[in-house]
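Structure first, commentary second.
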Amino acid sequence: MNSPPRVTFRAAAWAVTVVVFFAAAVAAAFLWRTRASTDPLESMVAKLSALDDDMRHKLCAHRSNNVPKYRAANELFHCIEIDVVLNPTVGGPAAVYHPPVENHHGLTLEFLLANEGLPRGHLWLDVKDLSDDNWSAFLAMLLTLIPPERRSDIIIETGWETAGVREAAAGFRREGFIFSYYLPTEAAIECGAVRSQECMQLRAEVLQAVGMGFSHLSFDARAYPFVQSIRADLPPFMRLLTWHVSRDWPLLDLMNQVEVYIVRFPSPYST
């Protein structure tokens, strides 16, 4: 027996409504996934959320050199990296910026830490001009800014490799700070595992530098073959730090080899 026409019409209308609603939901989900996959910040948040605590603790937000970006990084990352110039042409002392851009905003390390505090984990200070003339004053400043229980979380990175770095290394490490040697990036990438005379000379120079009291070796991830080529000759206590800001995500195999891994932080506040 056939249903009355009105009932049949209502059933059909209901079926159409369900189909339209389902199609809209599928389309919305697709658009959301597409946006999430193409929005670098949303993609980064999703990837961070999927990591366990130990791995997430290793990741460090790259170049958080202004207050809004530092604040945003502090919400997502355990570790933050900033650039510090001790004798800037504009502003200072201990100005937070990356040369060759001048420090027109006048942000100092003292202001940043006094107002925004330390990250939950490491603070990586890429110090561009540490030298005989300024290291003791910088150390004194850090001792006023960093409480003793947090000094083992502070990374002081420098490419300084002349004899005076021995005294500086001893001073920073005596107070509990991490003191890391910055491996020359382009030369180390070019050499890789090459055994030419020039590359063997670079290996000898790097080993001499790290032997002046550094606790860590920091390097671009692209230079890992070079690091592997000298690893057996590094001091046995030496730990590794790395970065790979040309990629959206770290190399997971390398992540297991290092203590801290800087990644690109796609913040709208980047400068």
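Among the numbered criteria (1) modelled with pLDDT under 95; (2) closer than 20 Å to residue 241 by Cβ, which single criterion is violated by residue 193?
Status for residue 193: all satisfied but (2).
Just to check your reading of the model, which residue among 161, 116, 186, 110 is without any contact (Cβ under 8 Å) to a residue 12 or more places away in the chain and either polar (S, T, N, Q) or more than 18 Å from residue 239 (Cβ to Cβ) (or both)?
None of the other options fit; the residue is 186.
Name the single residue that is nearest to the chain's Cα centre (by Cα) among those in region 127-140 being surrounded by 15 or more Cβ atoms within 10 Å (Cβ to Cβ) and outside any loop (DSSP other than H, G, I, E, B). Before the answer, list the steps.
First pass over region 127-140, keeping only residues surrounded by 15 or more Cβ atoms within 10 Å (Cβ to Cβ): 127-131, 134-135, 138-139.
Adding the requirement that they be outside any loop (DSSP other than H, G, I, E, B) leaves 127, 135, 138-139.
Numbers: 127: 14, 135: 23, 138: 22, 139: 22 Å.
Per the stated criteria, the residue is 127.
Please state which one of 267, 215, 196 is touching a residue at least 40 places away in the same chain (Cβ under 8 Å) and either more than 30 Å from residue 50 (Cα to Cα) or among the β-branched types (Val, Ile, Thr) (or both). Let's see the steps before the verdict.
Numbers: 267 fails: either more than 30 Å from residue 50 (Cα to Cα) or among the β-branched types (Val, Ile, Thr) (or both); 196 fails: touching a residue at least 40 places away in the same chain (Cβ under 8 Å).
Testing whether each residue is touching a residue at least 40 places away in the same chain (Cβ under 8 Å) and either more than 30 Å from residue 50 (Cα to Cα) or among the β-branched types (Val, Ile, Thr) (or both) leaves just 215.
Quick grid of which residues meet (1) surrounded by 15 or more Cβ atoms within 10 Å (Cβ to Cβ); (2) out of contact with any strand residue (DSSP E or B) (no Cβ under 6 Å at 6 or more places or on another chain); (3) of a type in the set (D, E, K, R):
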| residue | (1), (2), (3) |
| --- | --- |
| 155 | yes, no, no |
| 163 | no, yes, no |
| 174 | no, yes, yes |
| 181 | yes, no, no |
| 184 | yes, yes, no |
| 189 | yes, yes, no |
| 193 | no, yes, no |
| 200 | no, yes, no |
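When residues of region 46-98 are filtered for being among the acidic types (Asp, Glu) and within 15 Å of residue 245 (Cα to Cα), how many remain?
Total satisfying the criteria: 2.
The values are calculated or read from the model by the stated rules, or taken from the named source; none is laboratory data. Remember, it's a predicted structure, so these values are computed and weren't measured experimentally. In this analysis, Cβ positions are derived from the backbone assuming ideal geometry, glycine residues included, and neighbour counts consider all displayed protein chains.
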